[in-house]
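The values are calculated or read from the model by the stated rules, or taken from the named source; none is laboratory data. Owing to the predicted nature of the structure, the values given are computational and were not obtained by experimental measurement. Don't worry about glycine lacking a Cβ; one is built from the backbone with ideal geometry, like all the others, and counts go over all protein chains shown. All accessible areas refer to the heavy atoms of the entire protein, side chains included, with ligands and DNA or RNA removed. Shrake-Rupley method; radii C 1.70, N 1.55, O 1.52, S 1.80 Å.
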Amino acid sequence: MSAIPRSKNAPQPMTGAQLDQLAINCIRTLSIDAVQQAKSGHPGTPMALAPLVYTLWNRVMRFDPQDPIWPNRDRFVLSNGHASMLLWSVLHLTGTRAVNADYERLGQPAVSLDDIRRFRQLGSKAPGHPEYRWVSGVEATTGPLGQGVANSVGMAIAEAWLASRYNRPDFEVFGYDVYAVCGDGDMMEGVSSEAASLAGHLALDNLCWIYDNNHISIDGNTHITFTEDIAARFLGYGWNVLRVGDANDIDRIESAIDIFHKTKGRPTFIILDSHIGYGAPHKHDTSAAHGEPLGEDEVRLAKRAYGWPEDAKFLVPDEVPEHFAAGIGVRGAKAHGRWNDLFAAYRKKYPELATEIDQMQRRELPAGWDRDLPTFPADPKGVAGREASGKVLNVLAQNIPWLVGGSADLASSTKVALKFDGAGDFEPGTPGGRNIHYGVREHAMAAATNGLALSKLRPFAATFFIFSDYARPSIRLAAMMELPALFIFTHDAMGDGEDGPTHQPVEQLASFRAEPGLVLLRPCDANEVVEAYRHVMQLRHKPVLLALSRQPLPTLDRAKYASAAGVARGAYVLADPPGGAKPDVILIASGSEVSLCVDAHEELAAEGIRSRVVSMPSWDIFEDQPPAYRDSVLPPDITARVAVEQASTFGWERYVGWSGRVIGMKTFGASAPLKELQRKFGFEPDRVAETVRELLGRRKAK
Ligand SMILES: Cc1ncc(C[n+]2csc(CCOP(=O)(O)OP(=O)(O)O)c2C)c(N)n1
Ligand SMILES: [Mg+2]
């Protein structure tokens, strides 16, 4: 394995094989040095997988380091994100350029050697785990094991969809592959099973996972935890399963990837046998190589084993970047150049399609994206939130061709099916379909949704609000990655009464409200649903959670009460006492509880109690408003306040204060018809009115 770095003036040029080895050892030693310097990190896996990453990047991938967001590039996802030094090394050695949040290409490197020297330090472009949007060239934020591979399924769906919609005879505008590297942890996490099952069903032959079969995780050898026949498992999913018995054999790795390229009709799973900590004599094949620095002595011994100067630190021999430039650099530039020519001709021939691709890349909406959005007439019987949502979504999807999505086997209940002519289903053989059937796989659905958004589609995903718990880790990552993904959750409270406490969300609203960057809206009637969509579709860098009712909600008379356009401010005054009189009390509610506050408001008015009703579909949007607006909705001097929400009371003190009242849930609910539940748990106008009287110390008028 030795390859001695050569100075520029040495007489003998290196052979190709020596250059390969030099580049591989450079990835290894950069990783080792960075972890040692940071006094934290994961050296062992980069030492083992350097040959794989080298092969993929320098021999296989169509990726242009000068433009890491070129739309037709191959995607590389490092699902075992703890091995981030692999990515930082290869981004540095390939000279990958930085891009900013507006998708402008910048001059500076995505990851400099100085960043690597400052691995895991504040501000470094070489953080602990891969972070999308922070470091150019990172395709997905990874770290929570299993997420990256599940994202890659969404990316593969996206590629198939893009190719189907945009490619034309002689114009293969989209035709890229998606590679995900993963380890034992990824394979043990349930989300990878859901995602692999889905990918096999969908026959995604543009998808290749490479599994680092090193038999080691943190607690030691995996014979204590993970002894299944993983090849049989993936064969069972319908994947093409290959094995490379030696992670150092780059020719075999390349041949396996070649087989992937030739395999049609199924994804490929490559089992790569490797040795964690390869080259470190005392740590090789042990969990000690996983997550701590090797130690100065072991670092020297490993470098000696690689034939590397033992005292050199962060050494990058000139030949290494040159070798990458001659490999991925030349191949990527050529592929990208050919694509640019192709796309210029495509733009002439298919200008509308080219414009769509441009807009999608910049996360813009097409002209007329909100035309024909419905307005719902006042109606005391009303419309269910999910019903209104389905109508709006079907209009939007006709206006925005790249709005795609689906549900976890609940399309008919969540009403997200796209039913217009030509919408179609995304299935093997019909990759242009707009409806994705995720099956009962909420976690993979959410992770794949992130993969679709990372591919610049505008995705939605739906299930019952209670099952958001099964999707939560991916929603959190959507927020972290600032992806405009739309999570549509119906049955947002006790509306499905008889299903009982297992199906009645309680703490979900409070917990998602606590998530930074996630925009949560719980609209109170059909027109608020319309306004919620109108607002959130314009957000380019934020995921959205819509909590929608199962049951019909009265459509408020907007001639009598304020316009639903107030949704865009998060909360607004819906009803006030007549004649501009100052309210005695403020009632605040979201979703299904708003109309019962309106009823209570009318009841109280008849008794001479002046109340204001504030519809508050979104805390986060409201809190982004200027203080003057917030004070106009919730005047600080009106301290008698009641909040009503069919959910945990947690957090409402911030709006009602300690002297206010919250009508909410303290238990998990119960199984009974909705009306009975509303009575039992106090979600009735009379109870709201009674609480107000108590608060104001008034007696009920006879
Ligand atoms: C969801 C999740 N659980 C736990 C962890 C903590 N963790 C990081 S790496 C790791 C061990 C993973 O083993 P493996 O994937 O085999 O990695 P290797 O040591 O072989 O690189 C664990 C438990 C995590 N990152 N994500
Ligand atoms: Mg392992």
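Just a few scattered comments:
- For the range 239-303 versus the range 377-438, the inter-centroid distance based on Cα atoms is 43 Å.
- Taking the square roots of 5 times each eigenvalue of the Cα gyration tensor of the chain, largest first, gives ellipsoid semi-axes of 53, 27, 23 Å.
- Between the helical axis of 16-38 and the longest alpha-carbon principal axis of the chain there is an angle of about 50 degrees.
- Angle in degrees between helix 472-481 and the longest Cα principal axis of the chain, rounded to the nearest 10: 70 degrees
- Amide proton proximity set for ILE216, modelled H, under 5 Å, gap of 5+: THR222
- Simple Cβ-charge dipole of the chain, Lys/Arg +1 and Asp/Glu -1, about Cα centre, in debye nearest 20: 1240 debye
- Beta-bridge orientation, the chain: approximately 20 percent antiparallel, per DSSP, counting only bridges with both partners inside.
- Under-5 Å amide H pairs with SER407, H placed in peptide plane, nonlocal only: ILE436, TYR438, ALA462
- Looking at the chain, the accessible area is 37 square angstrom per residue; that uses a 1.4 Å probe and ignores ligands, DNA and RNA.
- Per-residue ellipticity at 222 nm, computed for the chain from helices alone with -39500 (n - 2.57) per DSSP H run of at least four residues, works out to -11000 deg cm²/dmol.
- Karplus-based coupling profile of the range 418-432, in residue order and whole Hz: 8, 10, 6, 4, x, 4, x, 10, 7, 9, x, x, 10, x, x, with θ = phi - 60° in 6.51 cos²θ - 1.76 cosθ + 1.60 and x standing for Gly or Pro.
- Within the accessible area of the chain (1.4 Å probe), percent carbon and sulfur: 51 percent
- Bridgeable aspartates and glutamates around LYS542 (alpha carbons under 18 Å apart, same-chain partners fewer than 8 residues away excluded): ASP102, GLU131, GLU139, GLU364, GLU482, GLU515, GLU531, ASP620, GLU623, ASP624.
- Distance between the range 452-491 and the range 133-165 - C-alpha centres, whole angstrom: 14 Å
- Most to least accessible of HIS491, HIS437 (protein chains only, probe 1.4 Å): HIS437, HIS491
- The range 235-347: C-alpha gyration tensor shape, a/c 1.5 cut-off, then a/b vs b/c: oblate
- Among the listed pairs LYS560/LYS680; LYS39/LYS303; LYS381/LYS675; LYS262/LYS419; LYS39/LYS313; LYS381/LYS560, those beyond 24 Å (Cα-Cα): LYS560/LYS680; LYS262/LYS419
- In the complete set of protein chains, residue-level accessible area for TRP308 is approximately 10 Å², probe 1.4 angstrom.
- Of the peptides 275-284, 115-124, 455-464, 622-631, the order by per-residue mean of other Cβ atoms within 10 Å, starting with the highest, comes out as 455-464, 275-284, 115-124, 622-631.
- Think of each Lys and Arg Cβ as +1 and each Asp and Glu Cβ as -1; about the Cα centre, that makes the dipole of the range 118-172 roughly 320 debye.
- Prolate/oblate/rounded label for the range 551-702 (Cα gyration tensor, a/c 1.5): rounded
- Alpha carbon centroid spacing (whole Å) that separates the range 341-370 from the range 555-611: 45 Å
- To the nearest ten degrees, helix 385-399 and the longest principal axis of the Cα atoms of the chain are 50 degrees apart.
- Net dipole in debye of the range 158-313 [+1 Lys, Arg Cβ; -1 Asp, Glu Cβ; about Cα centre; nearest 20]: 460 debye
- Per-peptide packing, taken as the mean over residues of other Cβ atoms within 10 Å, places 223-236, 586-599, 535-548, 180-193 in the sequence 586-599, 180-193, 535-548, 223-236 from highest down.
- Sorting 607-618, 422-433, 508-519 by their mean Cβ neighbour count within 10 Å, with the most densely packed peptide first, gives 607-618, 508-519, 422-433.
- Remark: relative contact order (the chain) = 12 percent; criterion is Cα-Cα distance under 8 angstrom and separation of 6 or more residues.
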